[in-house]
Amino acid sequence: VVALAALIAACLGPRELGRAMASIAPVLAVICLLTPVFRRTGEALWQPFGVRVLTVDGLAEVTRLVVRFTGLTLAFFAVFRTLDMDGMVAALRWFGLPFRPALVIIIAFRFIPTIFGVYQSVQDAHLLRMSGTRRRGFFARVLPILTSVVIHSVRSIPALAMALETRGLGRRGKRSGLRVLPGGRGLAVSIAVTVLLCGLVIVPLALPVRLLEAPYFR
């Protein structure tokens, strides 16, 4: 987790690392609050008024869940922030993913930023029109914005359908997924980093259990 965090901060910047951590902060807070309540075995670390609130096993379980969830989040965040969407879909096609699911994935990833931008624009327009009026409830303010976003998204469907038709969607012929990968120093560095990260993940899994139970691993 520390290596992933350092890699993201070095390549994408500390602000991007902060965005990734802020997105999972509520989940981590829930894990830290609720896990010790359901895991009270082991030596008690904090028991106000005689009630076992935090134990050694509960703290270990919290640490394990937080580290795993954070590591998975940072790994996927680093992949999706640095990998070209076309390259990712081409890789999924190489692994055997059918064309239509691959198309759904790439359309979803293309439209998420678009819909978010539409939401921001619609929200700004509603704020301008409601300036000077009394404040309303949360649902009364959000529902018109979401309705406008849905209408805008539905109206863009014909344009998307025509764009897919011009790119051959629906043809009976077999589609190809060939893509020429760039060579040179960048490819060599990417392969080296991939092998290193895979080694850091696979080597601990291949170690014997008795070695992992040694005192210096605890």
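Take segment 1-69 with all the other protein chains still there, run a 1.4 Å probe, and you get 67 Å² of accessible area per residue. Between residue 45 and 54, 55, 56, the built amide H atoms are under 5 Å apart, and every one of these is 5 or more places off in sequence or on another chain.
The apolar share of the surface of segment 1-145, taken as the fraction of accessible area on carbon and sulfur atoms (1.4 Å probe, ligands and nucleic acids excluded), comes to 70 percent. Simple spin-label estimate for residue 79 and residue 31 gives 1.8 nm between the two label positions (7 Å along the Cα-to-Cβ direction from each Cα). Averaged over residues, the count of other Cβ atoms within 10 Å places the peptides 153-163, 14-24 in the sequence 14-24, 153-163, highest first.
The values are calculated or read from the model by the stated rules, or taken from the named source; none is laboratory data. All of these numbers come straight from a predicted model, not from anything done at the bench. A quick note on method: Cβ atoms are made from the backbone with ideal geometry, for glycine too, and the neighbour counts reach across all protein chains shown. These area figures cover heavy atoms from the full protein model, side chains too; ligands, DNA and RNA do not enter into them. Shrake-Rupley method; radii C 1.70, N 1.55, O 1.52, S 1.80 Å.
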